[in-house]
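Structure first, then comments.
The values are calculated or read from the model by the stated rules, or taken from the named source; none is laboratory data. Fair warning: this is a prediction, and the values are worked out from it, not measured in the lab. Ideal geometry is used to build each Cβ from the backbone, glycine not excepted, and the neighbour counts take in all protein chains shown.
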Amino acid sequence: MSTERRFPTPTLDRESANLLQSITSHGGYAFVSMATLATSGDYRAAEAAREMAWEQLHSGPWHSVLPVWRDAYSMACLQLANLHYANEDYTEALKALDMGLIMGGPLLRKDLDFAVSILTASSNTHHNSQSSTSNKTVDFCRTEVLRVLPFKSLSCKVVVKRSALSLEAFLREYFLSGSPVIISDSMAHWPAREKWQDLNYFKKVAGDRTVPVEVGKNYLCQEWKQELITFSQFLERMQSNEFSCGIPTYLAQHPLFDQINELRKDICVPDYCFVGGGELRSLNAWFGPAGTVTPLHHDPHHNLLAQVVGRKYVRLYPSSLTEELHPYSETMLCNSSQVDLDNIDERQFPKVNELEFVDCILEEGEMLYIPPKWWHYVRSLTTSFSVSFWWSASASSAAS
Ligand SMILES: O=C(O)CCC(=O)C(=O)O
């Protein structure tokens, strides 16, 4: 490998001997020999090492994958990226780095991030500012919206909306009692509110980055699949989806802000997330065209779903109705309901339409607090970008 063109990889340089030793102790002899060859510039060995680590990542459920294999995967991605970089193939280099960030372990994260910053700094100069494709606000027509929403939508209780909600009032009135609330005015200062209106902005700062997307009606359908595509491809699909009403491609529940630092700078963690003295667990992006659906499910954490661009319909059922919502029995899906709110099978679930819920249209600039274990169904009504902040309460807090 050319020694002139190489990303600085201080962590890999320091840790590689320990990492390889640990991989050997877990039986990864073939990986170690391929990774060793890769350091001397052997492209096929680098590919083979990455393939071996990839197989280990897919050898069982994610939680049972040994952490050392995730770090091994990052190592192989970093090696491969370096070889592409040496060949001036920046697109492939960036793809390899993104795969390391998405699927790899924490050990080499700083090296991966640093390499990305080197690549993106040089490639940003190639992207001239193109004419701005503003994400036009679509006029909201209630009757038309009701046509696409589940039966009884917006006819029962709506979620309470509050402005200028103090942390103390949030804690007392919503957090501790486990009640949903919309906070209407606490994200006006986010740079994202303005910057993300322009889809070309994403193309400029992240167009060549690889991101995981979901394709299909929703994750409970058989034809549903996941794909890895570049942000530019995703934007193109999203725009064509707007006109063709095709199968939606959804960048859903992805920790995009851990992966793409430029976008992280555009958002702020709301102070409400520190109420309860717990810990921030994850920040996820939900970006897609009108018509994406996240089916009825619940999560274990407190959640603030911040609506940065566009609007979404959200329906919420309290956790006390869990039995009546018929969760799947399989462990992987036990937080999802068998009830398809878009097409309720009344013979199988004759009582579901009688259950009380609260719902709302979450407007641009609003945040919805979803307490832990509350069931939620979400449908985007326009092109929509939301950010979810999940946090846990401290062990002593009543609402955890
Ligand atoms: O916005 C969506 O599509 C779903 C959001 C969600 O389920 C969550 O934040 O937990």
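A few remarks follow.
- Taken as a whole, the condition of being of a type in the set (Ser, Thr, Tyr) and either assigned to a strand (DSSP E or B) or on the phi > 0 side of the Ramachandran plot (or both) does not apply to Tyr272.
- Only a single item in (1) surrounded by fewer than 23 Cβ atoms within 10 Å (Cβ to Cβ); (2) of a type outside the set (S, T, N, Q); (3) more than 19 Å from Glu364 (Cα to Cα) is not met by Gly291, and it is number (3).
- Checklist (1) outside any strand (DSSP E or B); (2) touching an Asp or Glu at 6+ places or on another chain (Cβ under 8 Å); (3) more than 14 Å from the ligand (Cβ to nearest atom) applied to Ala290, failing item: (3)
- Entirely in segment 158-267, the helices (runs of 4 or more DSSP H) that have 2 or more residues that are under 21 Å from Arg281 (Cα atoms): 167-170, 256-259, 261-264
For every residue, the table says whether it meets (1) crowded, with 22+ Cβ neighbours inside 10 Å; (2) touching a helix residue (DSSP H, G or I) at 6+ places or on another chain (Cβ under 7 Å); (3) among the hydrophobic types (A, V, I, L, M, F, W, C); (4) modelled with pLDDT of 95 or more.
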position: Tyr317; (1), (2), (3), (4): yes, yes, no, yes
position: Glu330; (1), (2), (3), (4): no, no, no, no
position: Leu355; (1), (2), (3), (4): no, yes, yes, yes
position: Asp359; (1), (2), (3), (4): yes, no, no, yes
position: Ala398; (1), (2), (3), (4): no, no, yes, no
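- When we screen Val181, Val159, Val148 for residues that are at pLDDT below 95, within 26 Å of the chain's Cα centre (by Cα) and β-branched (Val, Ile, Thr), the only hit is Val148.
- Only a single item in (1) surrounded by fewer than 20 Cβ atoms within 10 Å (Cβ to Cβ); (2) more than 14 Å from the ligand (Cβ to nearest atom) is not met by Asp299, and it is number (2).
- Leu304 more than 11 Å from the ligand (Cβ to nearest atom), under 27 Å from His189 (Cβ atoms) and in contact with a Cys (Cβ under 9 Å, 6 or more places away or on another chain): no
- Condition met for Ser166 (farther than 23 Å from Val116 by Cβ, among the hydroxyl-bearing types (Ser, Thr, Tyr) and modelled with pLDDT of 95 or more): yes
- Residue satisfying all of: in segment 255-287; within 16 Å of the ligand (Cβ to nearest atom) and without any contact (Cβ under 8 Å) to a residue 60 or more places away in the chain; nearest to Asp198 (Cα to Cα) among these: Leu256
- Annotation note: Cβ proximity below 9 Å between a residue of segment 75-99 that is on the phi > 0 side of the Ramachandran plot and a residue that is modelled with pLDDT under 95 (sequence gap 6+ or interchain) occurs for Glu88/Arg5.
- Within this structure, Phe231 fails the test of being within 16 Å of the ligand (Cβ to nearest atom) and either surrounded by 19 or more Cβ atoms within 10 Å (Cβ to Cβ) or under 17 Å from the mean Cα position of the chain (by Cα) (or both).
- Scanning segment 200-213 for residues that are within 18 Å of Thr292 (Cβ to Cβ) and either surrounded by 21 or more Cβ atoms within 10 Å (Cβ to Cβ) or out of contact with any strand residue (DSSP E or B) (no Cβ under 8 Å at 6 or more places or on another chain) (or both) returns Phe202, Val211, Val213.
- Residue check for Leu220: of a type in the set (A, V, I, L, M) and within 16 Å of the ligand (Cβ to nearest atom): yes
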